[in-house]
Amino acid sequence: MRILITAGPTREYIDDVRFLSNASSGRMGYAIAQAALQSGHHVELVTGPVEISPPPGCVLHPIETTEQLRRKCLELFPECDGVIATAAVCDYRPHERIAGKITKTGQPVVLELTETSDVLAELGGMREHRWVVGFALESQDPRNNAMRKLRMKNCSCIVLNDTTAIGADRNTVEVLSPEAETIAFFRGPKPQVAERLMGLIETSIARSSRSD
């Protein structure tokens, strides 16, 4: 299969040196890319800025902003069999980016924020015969929020984890179906979780999408 994988954080610049972002390390997405490559798949890896090296053999597409992520994914997805969206997308951006560097004045600074594009929802809208695996990192009412995300973004399944996954070497995930059933539950080092998730996609998710 040709698989699109998104990983790492996105950044939304306030001025030329400051930005909004999050603490995503990219480890989960990179581990999934490695597992996919080991299974013989072609991997298109769209990644935000991280401090780890990409797995050898993938086609790397570095991005920074959510809009850059969106454009690259919309370009690549039509030629792929499916997408695994682990990227931690910055949900808001400054309404206006300030040129140069903001200088301290001793006064409060007010930022007006605007929602960024919903990249996964756009990919879900293009799904057709493809499969779409989303990730939901939730801290409150996790299952309901994950299921809301699955339905709004037209995912084949959603991988639910929590904030303890951020920057960690291990992860605990629950894979939920559109019927809100638990398809799988994986816990362990991220490479191990990635291998088991890739196996589930190969044996269940991808096959179900081809038969729809």
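Conditions: (1) under 24 Å from Ala168 (Cα atoms); (2) under 15 Å from the mean Cα position of the chain (by Cα). Gln68 meets all but one. Number of the miss?
Status for Gln68: all satisfied but (1).
Scan region 131-141 for residues that are surrounded by fewer than 20 Cβ atoms within 10 Å (Cβ to Cβ) and over 14 Å from the mean Cα position of the chain (by Cα) and report the count. Before the answer, list the steps.
Here is the first cut: in region 131-141, the residues surrounded by fewer than 20 Cβ atoms within 10 Å (Cβ to Cβ) are 138-141.
Next, from what is left, pick out any that are over 14 Å from the mean Cα position of the chain (by Cα): 139-141.
Total satisfying the criteria: 3.
How many residues, within region 1-22, are modelled with pLDDT under 95 and under 13 Å from the mean Cα position of the chain (by Cα)?
Of the residues in that region, 1 qualify.
What number of residues in region 77-114 are without any contact (Cβ under 8 Å) to a residue 60 or more places away in the chain, charged (D, E, K, R) and either surrounded by 14 or more Cβ atoms within 10 Å (Cβ to Cβ) or within 18 Å of Thr10 (Cα to Cα) (or both)?
The qualifying residues number 2.
Hand me the list of strands (runs of 3 or more DSSP E) wholly inside region 66-184 holding 1 or more residues that are more than 24 Å from Ala206 (Cα to Cα). So that I can check it myself, show each step before the final result.
Values: elements: 82-85, 92-94, 113-115, 131-137, 157-161, 170-176.
Strands (runs of 3 or more DSSP E) meeting the threshold: 92-94, 113-115, 170-176.
Here's the yes/no breakdown for (1) under 28 Å from Asp169 (Cα atoms); (2) touching a helix residue (DSSP H, G or I) at 6+ places or on another chain (Cβ under 8 Å); (3) of a type in the set (A, V, I, L, M):
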{"position": "Asn22", "(1), (2), (3)": "yes, no, no"}
{"position": "Tyr30", "(1), (2), (3)": "yes, no, no"}
{"position": "Val43", "(1), (2), (3)": "yes, yes, yes"}
{"position": "Leu74", "(1), (2), (3)": "no, yes, yes"}
{"position": "Asp91", "(1), (2), (3)": "yes, no, no"}
{"position": "Ala99", "(1), (2), (3)": "no, no, yes"}
{"position": "Gly106", "(1), (2), (3)": "no, no, no"}
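Have a look at Gln38, Gln68 and point out the one that is at pLDDT 95 or above, surrounded by fewer than 16 Cβ atoms within 10 Å (Cβ to Cβ), of a type outside the set (Val, Ile, Thr) and out of contact with any Leu (no Cβ under 7 Å at 6 or more places or on another chain).
Details: Gln68 fails: surrounded by fewer than 16 Cβ atoms within 10 Å (Cβ to Cβ).
Only one candidate qualifies: Gln38.
Among the residues of region 40-63, is any part of a helix (DSSP H, G or I) and either out of contact with any strand residue (DSSP E or B) (no Cβ under 7 Å at 6 or more places or on another chain) or not polar (S, T, N, Q) (or both)?
No, every residue in region 40-63 fails to be part of a helix (DSSP H, G or I) and either out of contact with any strand residue (DSSP E or B) (no Cβ under 7 Å at 6 or more places or on another chain) or not polar (S, T, N, Q) (or both).
Taking the condition surrounded by fewer than 19 Cβ atoms within 10 Å (Cβ to Cβ) and over 17 Å from the mean Cα position of the chain (by Cα), does Arg207 pass?
It is true that Arg207 is surrounded by fewer than 19 Cβ atoms within 10 Å (Cβ to Cβ) and over 17 Å from the mean Cα position of the chain (by Cα).
Within region 155-186, how many residues turn out to be over 15 Å from Gly29 (Cβ atoms) and loosely packed, with under 13 Cβ neighbours inside 10 Å?
Total meeting the criteria: 6.
Out of region 1-32, which residues are among the hydrophobic types (A, V, I, L, M, F, W, C), touching a residue at least 60 places away in the same chain (Cβ under 8 Å) and not in a loop (DSSP other than H, G, I, E, B)?
At the first step, the residues of region 1-32 found to be among the hydrophobic types (A, V, I, L, M, F, W, C) are 1, 3-5, 7, 14, 17, 19-20, 23, 28, 31-32.
Now restrict to residues that are touching a residue at least 60 places away in the same chain (Cβ under 8 Å): 1, 3-5, 7, 14, 17, 20, 23, 28, 31-32.
Correct list: Ile3, Leu4, Ile5, Ala7, Leu20, Met28, Ala31, Ile32.
Which condition number in (1) without any contact (Cβ under 8 Å) to a residue 24 or more places away in the chain; (2) within 22 Å of the chain's Cα centre (by Cα) is the one that Gly124 fails?
(1)
The values are calculated or read from the model by the stated rules, or taken from the named source; none is laboratory data. Because the structure is a prediction, the values reported are computed rather than measured. Note: ideal-geometry Cβ built from the backbone for every residue, glycine included; neighbour counts use all protein chains shown.
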